[in-house]
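Please treat every number below as a calculation from the coordinates, not as lab data. No experiment lies behind these values; they were computed from the predicted model shown.
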Amino acid sequence: RAATIDHVVPRSKGGRHAWDNVVAACGQCNQVKADRFLADLGWELRVTPRQPSGAHWLLIGVQSRMDPAWAAWLPDAC
C-alpha cells in the first residue's frame, strides 16, 4: 500500500503541518480517519511523531525543492 501523510490533529481543527503532528498512514486508514481526532475513532498512535533523523533526510531535501517552512529541521537542504 502506498503511504500518505496524515495530520494527527486535523489542520481544520487547529493542527499544524509540522513533524510533531504528521504521520505516515495507508490511504485507506487516512480516509477512514478523515477530519477526525484519533480519540473519536478509539485509535492510538504506535509511536509519538517526531522530527526525523539521519543523513538520508538531508539527501532527500537536497534532491528536491523544499518548502521554506521545513528549514528549521533541514537547514543544510534549503
Taking amide H positions as placed in the peptide plane 1.01 Å from N, state which residues far from Cys26 in sequence (5 or more) or on other chains have amide H under 5 Å from it.
Thr4
Applying the Karplus parametrisation 6.51 cos²θ - 1.76 cosθ + 1.60 with θ = phi - 60° to the phi angles of the range 26-35, what ³J(HN,Hα) value in whole Hz is obtained for each residue in order, glycine and proline being reported as x?
5, x, 5, 5, 4, 5, 5, 5, 6, 9
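Give, in nm to one decimal, the length gained when the segment between Ser12 and Asn30 is fully stretched (0.36 nm per residue of separation minus the Cα-Cα distance).
Working: separation 18, 0.36 × 18 = 6.48 nm, distance 1.49 nm.
Extra length from Ser12 to Asn30 when fully extended: 5.0 nm.
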